[in-house]
Every structure is written in C-alpha cells, then in structure tokens.
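Engineer: Before I ask anything, let me first share the structure, which is written out below as structure tokens.
The values are calculated or read from the model by the stated rules, or taken from the named source; none is laboratory data. Model, not experiment: these values are computed from the prediction. Note that we place each Cβ from the backbone using ideal geometry, even for glycine, and neighbour counts take in every protein chain shown. SASA here: full protein model, heavy atoms, side chains in, ligands and nucleic acids out. Shrake-Rupley method; radii C 1.70, N 1.55, O 1.52, S 1.80 Å.
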Amino acid sequence: MVMRKAREVKPREVLVIGGSRYFGKRLIARLLAAGDRVTVLNRGSSAPPPGAVHLVADRDDEKSLTAALGSRTFDAVVDQVCYTPRQASIARRVFAGRTRRYVLTSTVEVYEYEDSIAPVRETDVDPAAVPVDLGLPWDDPEFLDTHYGEGKRQAEAVFTAGPGFPFTAVRVAHVLGGDDDFTGRVEHYASRIRAGTPIAVPVVNHPATYIHVEEIADFLFWAVGQDFTGPVNAASHGLLTTEELCAEIAAHHPDGRTVLRPVEVGEVSPFSFARAYGMDNSRATRLGFRFTHARQWLPKAVAETLGKDGG
C-alpha cells in the first residue's frame with residue numbers, strides 16, 4: 001500500500017511504441033489504470049485510448065522520431081514494433097539518455113535454430129554474440145516476413161551492444177486468447193476441423209510453450225516496473241501439443257473431425273513444430289513474476305477466439 005501511494009504521488013512516464021492492437025492495447029489499459037502517464041507513438045493509423053498522449057511519427061525516420069519526441073524523457077519505453085536491427089539502431093540513438101528503461105517485445109522465434117528437448121534458457125541465444133548486418137534488405141516486407149526471428153535477434157543485439165543503455169528483451173511465447181486475435185492461426189485449425197480436411201504437421205511434431213493474451217499484458221506491465229536487464233522468457237508453465245489445441249477447438253465443433261496429416265516436406269500448420277524449443281521461464285519466476293499453467297487457460301483462450309458460437 002505504501003508503494004502504491006508513492007506511485008500515485010509521482011506517476012511514471014511511460015512511452016509505448018505501437019501497441020494499437022492485441023496485447024499492446026491491453027498493456028496500455030493497465031498502465032492507465034495504474035495512474036501512469038502514458039504516451040503512445042505510432043504513424044497515426046490509430047488513436048490511443050482516452051487518457052493517453054498521442055505522438056505521430058515514422059519510427060524508421062530518425063528525424064521524424066526525434067522531432068515528435070521533442071524534449072520528452074521517460075521512466076520506461078515499451079517497444080512493441082521493433083522488427084529489425086535498423087529500427088533498433090535508430091531507437092538506441094534517439095532514446096539514449098531519454099529513458100531509464102527500454103523494454104523490447106521480442107519473441108520465442110529468436111530460438112528458431114535451437115532444437116533442444118530441454119526448455120531453452122535465455123543464455124542459449126546471447127544477443128551479445130549475435131552478428132548484425134544492417135545491409136540486409138530489411139525494408140523488403142517479404143524478406144522481413146521470412147526472417148522474423150533473425151530480425152528480432154539482431155535488434156536485441158543492437159540494443160545490447162555497448163554500455164549505458166538499460167535494456168531488456170521480453171521473449172514472448174506463442175500468444176493465444178482474446179476475441180481480437182488477428183493472426184487467424186486458431187481459425188486455421190477450426191476451419192479444417194469443421195470440414196474434416198487434413199491438417200499438415202511435421203512427421204515429428206514437438207510441443208511448444210504458450211502464453212495467454214492477458215498474461216503477457218500483465219507480464220509487460222510488471223516488466224516496466226522492474227530493473228533487471230537482458231533477455232527474459234515470458235511463457236506460461238507447461239507445454240501444449242498440437243493435439244491438445246485441436247481437442248479444445250474440436251469441442252466447439254462436435255460434428256467436425258480432426259485429421260492430422262504428417263508431411264516430410266512442405267508447409268505445415270501454425271502451432272506445429274519440427275524443432276523442440278519450448279522456453280524455460282525460470283528467470284522470470286526467480287525475478288518475481290507468477291505464471292499460470294497453459295492447460296488451465298487453454299479452454300478459455302480457444303472459446304474467446306472462436307466466439308460463443310464456436311467460430
């Protein structure tokens with residue numbers, strides 16, 4: 001209670017870059033509800049919720065970003081939309097000396113080259129050891145889409161390089177839940193189960209770590225107020241298999257049929273994995289965050305995304 005009163009006397013100044021949808025908008029709602037002074041920066045495509053200050057700038061344009069920020073400084077910056085080392089290089093230059101803490105929303109896909117039966121730890125991908133290539137075609141949407149994990153790895157490396165930048169990378173597990181899930185991944189399965197058409201999966205299909213959309217918003221809100229640095233894995237306890245996910249979806253479609261078709265080569269369904277790289281969340285747990293278990297919230301997450309009528 002004493003800490004809460006102190007927060008109310010002097011609210012934190014928090015900048016969120018992006019954050020217009022999914023768990024980003026939930027994070028902003030939590031910050032505002034806590035009494036923080038929230039600034040949202042984007043290209044102007046969407047207005048922030050009432051109570052937040054809106055800055056319009058192209059984060060890829062250093063002059064535009066610097067001009068929009070003016071003389072503002074922040075207790076924390078949460079960067080929801082940094083995908084490349086070029087964007088990270090600009091952000092590091094612009095925000096050096098402007099913030100006491102920089103939180104990058106990173107991804108489990110930084111571990112895409114791992115194949116570990118044991119859950120991967122943060123040290124398995126050390127951003128300080130990741131080579132950075134600013135000359136790659138990061139502005140090409142197709143290249144960026146197929147190099148998502150690499151872009152995040154190199155962005156982490158840029159923020160990590162050199163002293164004096166208080167940075168953490170939140171490596172987010174696969175996110176499920178919410179009626180605003182824009183990815184279409186759950187519907188991919190639902191449509192095939194409804195029709196009884198095959199669902200392509202790897203011959204050896206590994207389970208993965210996940211996190212609920214509300215839990216990752218809670219985690220990012222918590223991370224804003226901490227002082228640890230370096231990468232941290234954010235994943236609910238436990239692994240989920242493709243079969244478990246399909247079973248929950250199939251419960252909404254009793255007339256459907258789940259047909260998993262193992263394939264040696266070719267594209268497989270989302271949430272099916274030829275590599276084992278479930279994340280170890282023990283660092284975040286030691287730091288004080290309390291995760292739920294994925295199996296506890298999975299039925300709720302699927303129901304939210306499919307809707308009350310099952311999609």
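Engineer: Residues that are modelled with pLDDT of 90 or more and surrounded by 20 or more Cβ atoms within 10 Å (Cβ to Cβ): which helices (runs of 4 or more DSSP H) entirely in the range 1-71 hold 2 or more of them?
Structural biologist: Answer list for the range 1-71: 22-33.
Engineer: Going by the structure shown, is V81 part of a loop (DSSP other than H, G, I, E, B), surrounded by 15 or more Cβ atoms within 10 Å (Cβ to Cβ) and among the aliphatic types (A, V, I, L, M)?
Structural biologist: yes
Engineer: Can I ask one more? Conditions first: (1) more than 20 Å from P163 (Cα to Cα); (2) open to solvent by 40 Å² or more (accessible area, probe 1.4 Å); (3) polar (S, T, N, Q). T123 passes all but one, so which condition is the exception?
Structural biologist: (1)
Engineer: In the range 110-129, which residues are hydroxyl-bearing (S, T, Y) and out of contact with any Gly (no Cβ under 9 Å at 6 or more places or on another chain)?
Structural biologist: Matches in the range 110-129: T123 only.
Engineer: I would also like to ask the following. Among the residues of the range 84-104, write down those that are open to solvent by less than 10 Å² (accessible area, probe 1.4 Å) and either assigned to a loop (DSSP other than H, G, I, E, B) or hydroxyl-bearing (S, T, Y) (or both).
Structural biologist: Passing the criteria: T84, Y102.
Engineer: Does the range 191-215 hold any residues that are small (G, A, S) and surrounded by fewer than 22 Cβ atoms within 10 Å (Cβ to Cβ), and which are they?
Structural biologist: Across the range 191-215, the qualifying residues are S191, A195, G196, A200.
Engineer: Could I ask something else about it? Any residue in the range 244-269 that is closer than 16 Å to N205 by Cα sitting within a Cβ distance under 7 Å of a residue that is assigned to a strand (DSSP E or B) and open to solvent by 60 Å² or more (accessible area, probe 1.4 Å)? List the pairs, counting only those 6 or more apart or interchain.
Structural biologist: Pairs that qualify, where the first residue is closer than 16 Å to N205 by Cα and the partner is assigned to a strand (DSSP E or B) and open to solvent by 60 Å² or more (accessible area, probe 1.4 Å), are V259/P198; R261/P198.
Engineer: Given the structure, is V268 within 30 Å of L104 (Cα to Cα), part of a strand (DSSP E or B) and open to solvent by less than 60 Å² (accessible area, probe 1.4 Å)?
Structural biologist: Here the answer is no, as V268 does not meet what is asked.
Engineer: When both residues are 6+ apart or on different chains and their Cβ atoms are under 8 Å apart, which pairs have a first residue that lies in the range 33-52 and is within 20 Å of R72 (Cα to Cα), and a second that is of a type in the set (F, W, Y)?
Structural biologist: Close Cβ pairs (under 8 Å, with a partner that is of a type in the set (F, W, Y)) amount to T39/F74.
Engineer: Next up: Can you report the number of residues in the range 169-190 which are over 17 Å from G24 (Cα atoms) and either in contact with an Asp or Glu (Cβ under 9 Å, 6 or more places away or on another chain) or crowded, with 24+ Cβ neighbours inside 10 Å (or both)?
Structural biologist: Within the range 169-190, residues that are over 17 Å from G24 (Cα atoms) and either in contact with an Asp or Glu (Cβ under 9 Å, 6 or more places away or on another chain) or crowded, with 24+ Cβ neighbours inside 10 Å (or both) number 2.
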